[in-house]
Amino acid sequence: PPATAQIAALRAALANTSSPAIAMAAHNPLTAKLAFEAGYSAIWVSGFELSASYAVPDASILPVSTHLEATRAMGEVQPLPLIADLDTGYGNAVNLTYVVRKYEEAGAAAVVIEDNVFPKESSLRAEPAGAKRKLAGIAEFQGKIAAAKAASSVLVIARTEALIAGYGEEEALKRAGAWAEAGADAVLIHSKARTPDEVVGFCKRWDGRVPVVIIPTNYPQLGFKAAGELGKVGLVICGNHTVRAVVEAVRRTYKRILEEGGIEGIEGEIASVQEVFKLQGDGEMREIEKKFLR
Ligand code: SPV
Ligand code: MG
């Protein structure tokens, strides 16, 4: 069913451009729940994270059913708005219509579609020498935005890769303007520059018709407060910090156990079994047991 309360909450958060909402990436229900407990405002159902969790490239390899199920399952265990990363939208405006209905049914509060062409590849990947990334046509992508809006009540965040693909600020402004005109609730301006300059430049010239969303992976110097001071950013997405934290922590633990010839040394440095029980909702199960088990 539509996540009416989460949609309203996310819409209001996006509008508060002096103090952007912060979304954390997650790749499964457990990490979504941890992000909720930590105090984030929304969950980014990241294509990069989910692909990484299957140990495959973020290049339109996983089927929509896998991402849709991950989204649905994250919504079952925590209450934050889910921002679903739909990559290129799984086809054209017709395909997207059917896909967005499924995401609404799964409880997403927003979908993000990007103007890459299928099959996409990670925006953060270095381009092969001499290659210039092709982007979707403006009219075609506007059709997809309008189709997504018409399909459901979820928010539509339209992303442009103009800066990533090397087409420059003018093209980025033109595309973002076209996305707003087509009905997007927010525009996501992505950059892989190593400084915030590109995104800051874009924000300075953006007319603020709809809020801006950013994913500052490559320019981490831009803190949340500074993003708010730009006056245009309604949402900052931490795009991949869950899977990166997991890889690091898991590797360290695995290594220590083999090196130390046992599991005793690591005991105080990993979550206790009791903590994991709690995350699994053991308390609720006890209640059910008490009431109904005879
Ligand atoms: C993702 O997290 O899947 C994103 C952000 O789309 S990025 O990987 O930077 O393209
Ligand atoms: Mg993605």
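The values are calculated or read from the model by the stated rules, or taken from the named source; none is laboratory data. Remember, it's a predicted structure, so these values are computed and weren't measured experimentally. Cβ placement follows ideal geometry from the backbone for every residue including glycine, while neighbour counts extend to all protein chains displayed. The protein model used for the area step is the full one, side chains on, heavy atoms only, and it has no ligands, DNA or RNA in it. Shrake-Rupley method; radii C 1.70, N 1.55, O 1.52, S 1.80 Å.
Here are some notes:
- Residues considered: L80, L62, L50. Of these, the only one that is open to solvent by less than 40 Å² (accessible area, probe 1.4 Å), closer than 25 Å to P20 by Cα and part of a loop (DSSP other than H, G, I, E, B) is L80.
- Residue in the stretch 10-21 that is more than 16 Å from ligand 2 (Cβ to nearest atom), of a type in the set (D, E, K, R) and within 20 Å of R101 (Cβ to Cβ) present: yes
- Residue match in the stretch 125-140 (condition: in a loop (DSSP other than H, G, I, E, B) and modelled with pLDDT of 95 or more): yes
- Helices (runs of 4 or more DSSP H) fully within the stretch 187-294 that include at least 2 residues being buried (at least 19 other Cβ atoms within 10 Å of the Cβ): 197-205, 241-260.
- Test: residue in the stretch 217-235 that is in contact (Cβ under 8 Å) with a residue 40 or more places away in the chain, within 24 Å of K144 (Cα to Cα) and out of contact with any Ser or Thr (no Cβ under 9 Å at 6 or more places or on another chain): no
- Residue among K255, K192 that is touching a residue at least 24 places away in the same chain (Cβ under 8 Å) and either over 26 Å from A109 (Cα atoms) or within 16 Å of ligand 2 (Cβ to nearest atom) (or both): K192
- Exactly one residue out of A70, A32 is open to solvent by less than 70 Å² (accessible area, probe 1.4 Å), within 13 Å of ligand 1 (Cβ to nearest atom), in a helix (DSSP H, G or I) and touching a residue at least 24 places away in the same chain (Cβ under 8 Å), and it is A70.
- Of all residues in the stretch 145-168 being in a helix (DSSP H, G or I) and either free of Cβ contacts under 8 Å to residues at least 24 places away in the same chain or open to solvent by 10 Å² or more (accessible area, probe 1.4 Å) (or both), the one that is farthest from ligand 1 (Cβ to nearest atom): A150
- Filtered residues of the stretch 73-82 (kept if more than 16 Å from ligand 2 (Cβ to nearest atom) and either among the aliphatic types (A, V, I, L, M) or touching a residue at least 60 places away in the same chain (Cβ under 8 Å) (or both)): A73, G75, V77, P79, L80, P81
- Any hit, the stretch 135-158, residues being within 14 Å of the chain's Cα centre (by Cα) and closer than 30 Å to K278 by Cα: no
- Residues of the stretch 109-140 classified as farther than 16 Å from I83 by Cα, away from ligand 1 (no atom under 16 Å from the Cβ) and either aliphatic (A, V, I, L, M) or touching an Asp or Glu at 6+ places or on another chain (Cβ under 7 Å) (or both), total: 4
- Single condition P57 does not satisfy, out of (1) within 13 Å of ligand 2 (Cβ to nearest atom); (2) open to solvent by less than 60 Å² (accessible area, probe 1.4 Å); (3) under 21 Å from R244 (Cβ atoms): (2)
- Scoring E171 on the criteria (1) in a helix (DSSP H, G or I); (2) in contact (Cβ under 8 Å) with a residue 12 or more places away in the chain; (3) not aliphatic (A, V, I, L, M) leaves a single failure, condition (2).
- The stretch 83-117: number of residues that are more than 16 Å from ligand 2 (Cβ to nearest atom) and either buried (at least 24 other Cβ atoms within 10 Å of the Cβ) or part of a helix (DSSP H, G or I) (or both): 12
- Within the stretch 118-134, the set of residues being open to solvent by less than 30 Å² (accessible area, probe 1.4 Å) and either within 19 Å of the chain's Cα centre (by Cα) or within 18 Å of A93 (Cβ to Cβ) (or both) comprises K120, S122, S123.
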